[in-house]
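Okay, structure first, notes after.
The values are calculated or read from the model by the stated rules, or taken from the named source; none is laboratory data. This is a predicted model, so every value here is computed, not measured. Positions of Cβ are generated from backbone atoms using ideal geometry, with glycine treated the same way; all protein chains shown enter the neighbour counts.
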């Protein structure tokens, strides 16, 4: 058994050794195969390297040959350019020599000029010294210095120029004085002839009719027209019954009266005569009329092509629609004045838009007078309001000066005053009753007779001109001028009248003598 086991073990060991030997041999064969492949790769690389070196050497040789050829060509070109470069060098050398010669010539000329300048300077100095000696000799001979002679000549020439200027100014003044009346008349005539009223203004109404319905009449008359008192509380307009189914409207100003009229008519149209309806109608009438006057202001500005005017100024312009002066509607008067003023300004070469703007607002102070506690005349009040609402001085001054509340200091101020007078004085513009006209004439006569120097007073041209005759021995020329100014000032203070009144004071001495034959014999 032991032998069998040992034999088995030996056999197993032999088998294991044989297997290990086979594995070593296989591994050695693999290593040999790897060595052979590496040797073959190295040989191939060596072959490729040698082939690459041979190609690079060939390329380098070809490049060298090309470079040598190029170098040969360039050397040949340089040898060919040699003569030309030598010629160019010779030309440059010649130019340098020429420049040197020119520089030497310039230096010589400069030296000559310097010597000449010194000579001239010496000559000028000698001339000045000679001139000074001549002036000294002349001053000694004349007995006065040159400065004194110059001052004397300046004074003489100044005096002559002043005399000539005075003569020219006097001639210009005389010509202007002689022509200004005709020029002004022609200017105003042209404006009046060109102007045509663009649209009529509504006539203000002071009476309203009672409703036709007996029922409404009874409701209206109930409690002594108590319903109308509700309108009076809101609008300050009182209603006075008149004969012939009429009610007469009284109010602080025409604008309020128009509010009352509109409220009354709205209530009658509603067919309900109650205090609630009356108050509601009054409120609605005030709103409607406010819109109407604002639209009227805008319409006036659009008609005159006036831009960018403050809405509150246009509001006052619109309210002029409900004001009159001797029955002339003031809204229409403002537009008419603006057109007339712009036409005259155009003929004089002035700014037409500025003329229209100033003339349109010249009477807005009348609204301020009626509705506020404005101080001063309507011209001054309107000018102040315009200034506060952004109008420039060139627009405002004519407004303040159109009734001479401020002395007119610009041409436009005189044009606005003239246009205002033209609009109010044109035929048919204003009307007054015979009674008021007679009262005004009597008041004019009384004012004239109140001055002791007046001998006679004649009212002419429908009360627009007063001619005064005085004793020439008691009143001289200066006194006549002062009397006319005093009369004008008193008339302005005490009377109300449309347009203007011209006062003429006349003093005349009539001397008569008779020549008889033989008196001197």
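The table below lists the values:
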{"item": "Filter pass, residue 321 being in contact with a strand residue (DSSP E or B) (Cβ under 9 Å, 6 or more places away or on another chain), surrounded by 17 or more Cβ atoms within 10 Å (Cβ to Cβ) and under 29 Å from residue 390 (Cβ atoms)", "result": "yes"}
{"item": "Subset of segment 460-470 [touching a strand residue (DSSP E or B) at 6+ places or on another chain (Cβ under 9 Å) and at pLDDT below 85]", "result": "460, 461, 464, 465"}
{"item": "Residue in segment 143-160 that is in a helix (DSSP H, G or I), without any contact (Cβ under 8 Å) to a residue 12 or more places away in the chain and in contact with a helix residue (DSSP H, G or I) (Cβ under 8 Å, 6 or more places away or on another chain) present", "result": "yes"}
{"item": "Residue satisfying all of: in segment 380-411; surrounded by fewer than 23 Cβ atoms within 10 Å (Cβ to Cβ) and in contact (Cβ under 8 Å) with a residue 60 or more places away in the chain; farthest from residue 368 (Cα to Cα) among these", "result": "411"}
{"item": "Criterion: at pLDDT 85 or above and either out of contact with any strand residue (DSSP E or B) (no Cβ under 6 Å at 6 or more places or on another chain) or not in a helix (DSSP H, G or I) (or both) - qualifying residue of 219, 278", "result": "278"}
{"item": "Hits in segment 268-282 - residues which are more than 17 Å from residue 217 (Cβ to Cβ) and surrounded by fewer than 14 Cβ atoms within 10 Å (Cβ to Cβ)", "result": "276"}
{"item": "Matching residues in segment 249-274 - criterion: being over 16 Å from residue 292 (Cβ atoms) and within 40 Å of the chain's Cα centre (by Cα)", "result": "252"}
{"item": "Condition check for residue 456: at pLDDT 85 or above and out of contact with any helix residue (DSSP H, G or I) (no Cβ under 7 Å at 6 or more places or on another chain)", "result": "yes"}
{"item": "Selection status of residue 262, within 22 Å of residue 317 (Cα to Cα) and in the same structural domain as residue 372 (by TED's automatic domain parsing)", "result": "yes"}
{"item": "Sole residue being out of contact with any strand residue (DSSP E or B) (no Cβ under 8 Å at 6 or more places or on another chain), surrounded by fewer than 12 Cβ atoms within 10 Å (Cβ to Cβ) and at pLDDT below 85, chosen from 136, 177", "result": "177"}
{"item": "2 or more residues over 22 Å from the mean Cα position of the chain (by Cα): qualifying helices (runs of 4 or more DSSP H) within segment 343-414", "result": "365-371, 378-388"}
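Rundown of residues vs (1) farther than 18 Å from residue 440 by Cβ; (2) exposed (fewer than 12 other Cβ atoms within 10 Å of the Cβ); (3) touching a residue at least 40 places away in the same chain (Cβ under 8 Å), yes/no style:
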{"position": "455", "(1), (2), (3)": "yes, no, no"}
{"position": "464", "(1), (2), (3)": "no, no, no"}
{"position": "468", "(1), (2), (3)": "no, no, no"}
{"position": "479", "(1), (2), (3)": "yes, no, no"}
{"position": "489", "(1), (2), (3)": "no, yes, no"}
